[in-house]
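> This is the structure, below, for whatever I ask next.
The values are calculated or read from the model by the stated rules, or taken from the named source; none is laboratory data. Because the structure is predicted, anything quoted here is derived from the model rather than measured. Heads up, the Cβs are rebuilt from the backbone with ideal geometry, glycines too, and the neighbour counts pull from every protein chain shown. Note: accessible area is taken over every heavy atom of the protein model, side chains too, but ligands, DNA and RNA are not part of it. Shrake-Rupley method; radii C 1.70, N 1.55, O 1.52, S 1.80 Å.
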Amino acid sequence: MPSRWDHLFDLKPIPLVDHLLDEVARLLAKDLQAWPPPVQDLDAATLGEFAPLFTEVTRRPDPAVYTEALRLARWDLAREFDAFDDYVRNKRYLERGLSPDDRVPLLFLTRWLTEQMLGLGEATQGRIKRPLMRTCLDRLEAQLGAPPTPV
């Protein structure tokens, strides 16, 4: 008769990297519950066009803005600059159902997500490379409850 702990031996171990990416996605999802998400070292000079997001009361963006920001952050991490530039220059976000007022929050969230991923790479001394950062964004999107977007 098997003991009640035998099933634990049958479980596959979770690689440390997978556990790390899941935990980072969970923490970022928690940060994104607040609007605007937390930013270190707020400086009006560096905030530029994003300053109104921190100095004025602004509404939380629609979930579609988060989905599009994840798409743009993936492109940024994949160094798909032509796709990114085309999207912003030609206002493709309007085709995705966003309004012109969503532009600033979209660009802010994109930059915030990209910076969080690059910070993860630095914190792990380069062990988490850009493909894994994009995987982390996929996991974040799942945490946010949005269906994954095709890249």
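> Might you check whether a residue that is over 16 Å from Q116 (Cβ atoms), in a helix (DSSP H, G or I) and open to solvent by 100 Å² or more (accessible area, probe 1.4 Å) occurs anywhere in region 49-58?
Looking for residues that are over 16 Å from Q116 (Cβ atoms), in a helix (DSSP H, G or I) and open to solvent by 100 Å² or more (accessible area, probe 1.4 Å), one finds at least one in region 49-58, hence yes.
> Within region 119-140, count every residue that is aliphatic (A, V, I, L, M), open to solvent by less than 50 Å² (accessible area, probe 1.4 Å) and closer than 21 Å to L32 by Cα. If you could, list the steps in order and put the result at the bottom.
Step one: list which residues in region 119-140 are aliphatic (A, V, I, L, M), which gives 120, 123, 128, 132-133, 137, 140.
Restricting the remaining residues to those that are open to solvent by less than 50 Å² (accessible area, probe 1.4 Å) gives 120, 128, 133, 137, 140.
Remaining after also requiring closer than 21 Å to L32 by Cα: 120, 133, 137, 140.
So the count comes out to 4.
Each row is one residue, and each column tells you yes or no for (1) part of a helix (DSSP H, G or I); (2) small (G, A, S); (3) at pLDDT 95 or above; (4) more than 20 Å from Q143 (Cα to Cα).
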residue	(1), (2), (3), (4)
R26	yes, no, yes, no
A29	yes, yes, yes, no
P36	no, no, no, no
A64	yes, yes, yes, no
T67	yes, no, yes, no
